[in-house]
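Read through the structure below, which is laid out as C-alpha cells, and then see the notes.
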Amino acid sequence: MLLSVVSPIYKGEKMMEELVSRIEAAVSSFTDDYEIILVNDCSPDDSWTKMQEICAVDKKVKGLNLSRNFGQHYAITAGLSKTRGEWVVVMDCDLQDVPEEIPNLFSKAQEGYDTVFAQRIVRQDTFFKKLSSASFHYILTVLTGTKTDKSVANFGIYNRKVIKAVLSMGDAIRNFPSMVRWVGFKQGYLPVKHAQRAEGTSGYNFFKLIRLAENTIINFSNKPLLLVLRLGFVVVILSILIALFYLISYLLGFIQVSGFTTLIISVWLIGGLLMSVIGVVGLYISKIFDRVKGRPVFIIGEELNFDGENGTE
C-alpha cells in the first residue's frame with residue numbers, strides 16, 4: 001500500500017465525516033492505494049458510533065477503539081501499529097491540519113526526504129494557545145538541550161522505515177514529534193496552511209501542556225539532573241564563602257553573638273535544595289518504575305475493517 005493516514009479522534013464526532021471526505025478527496029488526486037485509520041481515544045461524545053457508521057460504508061476507512069483514554073500520542077502509536085503504507089501521514093482530527101496539504105507533503109517527500117514536517121507558519125489559534133505552545137517549546141529547548149520548532153506538531157508525512165523505528169522504541173512515555181526527531185533519517189520541512197478549529201476547543205489546557213513537557217523532558221533528557229547538580233555546587237561554593245566571611249568577621253571581633261537570621265536562612269536554603277534534588281531524582285525513578293512494569297502503552301478494544309490484517313508491530 002502506498003499511503004496510510006492516521007488520525008487520533010477525541011471529541012471529533014461532528015468533524016469526522018468532513019475529515020474523511022476531505023482526506024479522500026486530497027489523497028485521490030495522486031493515488032487510490034490508501035487507507036485511513038481513525039483511532040477513538042475513548043472520546044466522551046459519540047465518536048465511536050460515528051466511526052462505525054463511516055466504516056460500514058467505506059472500507060478504506062478503518063477504526064480502532066481504545067479500551068480507555070490513553071492520550072493523543074498513545075492513540076497515534078496505536079494507529080501507527082496498524083498501518084501498511086509505504087508512507088504514513090499523521091494529522092489531528094480538528095481540521096486545523098488541512099487535508100488538502102497532503103499532496104504537497106507527499107510531493108516534498110519525493111525529493112528524497114524520509115520525514116517531512118508540516119510547518120504552521122501562520123497559526124490560527126487563540127492568543128492563550130499560542131502562548132502556551134511557545135512556553136511548552138521553550139521549556140523543552142532549555143531543559144533538553146535540543147532545539148524544538150513551535151511551528152511543528154504531529155502533522156507530516158513519514159516513510160515506513162521512520163515509523164518502524166519509532167514503534168521499535170520501548171518508551172513508556174510517548175511524544176510523537178520528539179521520537180521522530182530522535183530516530184533521525186533525512187528530515188525536511190514544508191510550510192502549510194493552518195485552519196481554525198472546526199468544532200469545540202483543544203483538549204490540551206495549560207496544565208496538560210506542562211505535564212506533557214515534564215514527561216517529555218524526563219523521557220528524553222537527563223539535563224534536569226545536571227542542572228540540579230550544578231545548583232548544588234553553586235550552593236556549596238556560596239556556603240563556603242559565607243562561612244569564610246563569618247569566620248573572618250568573628251576573628252576580627254565584629255561578631256559577638258551568632259545571628260539567628262543567618263541560621264534560619266541556611267536551614268531553609270539547604271532544606272529547599274535537598275527537597276528539589278530528591279524531587280527530581282524521584283521523577284526519574286518513577287519513570288523507570290513505569291518502564292520496568294512493561295505495561296502496554298495502549299490497549300485496543302475494538303477494530304473495524306481490518307479483517308485480520310497485521311500492520312507494523
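The values are calculated or read from the model by the stated rules, or taken from the named source; none is laboratory data. Please read all numbers here as calculations on a predicted model, not as lab measurements. We place every Cβ from the backbone using ideal geometry, glycine too, and count neighbours over all the protein chains shown. These area figures cover heavy atoms from the full protein model, side chains too; ligands, DNA and RNA do not enter into them. Shrake-Rupley method; radii C 1.70, N 1.55, O 1.52, S 1.80 Å.
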**Request:** Filter region 27-52 down to residues that are over 22 Å from ILE299 (Cα atoms), open to solvent by 10 Å² or more (accessible area, probe 1.4 Å) and not aromatic (Phe, Trp, Tyr), then give me how many there are.
**Result:** 5
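Within region 71-170, which helices (runs of 4 or more DSSP H) (wholly inside it) include 2 or more residues that are at pLDDT 90 or above?
Because the criterion is at least 2 residues that are at pLDDT 90 or above, the helices (runs of 4 or more DSSP H) in region 71-170 that meet it are 72-80, 102-109, 160-168.
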**Request:** Identify the residue in region 297-313 that is within 26 Å of the chain's Cα centre (by Cα) and open to solvent by less than 40 Å² (accessible area, probe 1.4 Å) and, among all such residues, is modelled with the highest pLDDT.
**Result:** VAL297
**Message:** With open to solvent by 10 Å² or more (accessible area, probe 1.4 Å), closer than 25 Å to VAL192 by Cβ and among the charged types (D, E, K, R) as the only criterion, which of ASP58, ASP94 stands out?
**Reply:** ASP94
**Request:** Could you pull out the residue among VAL192, VAL234 that is surrounded by 14 or more Cβ atoms within 10 Å (Cβ to Cβ) and either at pLDDT 65 or above or under 27 Å from ASP45 (Cα atoms) (or both)?
**Result:** VAL192
**Item:** Only listed residue being open to solvent by 40 Å² or more (accessible area, probe 1.4 Å) and under 15 Å from GLU302 (Cβ atoms), chosen from ARG22, ARG68
**Value:** ARG68
**Item:** First in region 59-75 and farther than 19 Å from PHE306 by Cβ, second anywhere and part of a strand (DSSP E or B), Cβ under 6 Å, 6 or more apart
**Value:** GLN72/PRO8
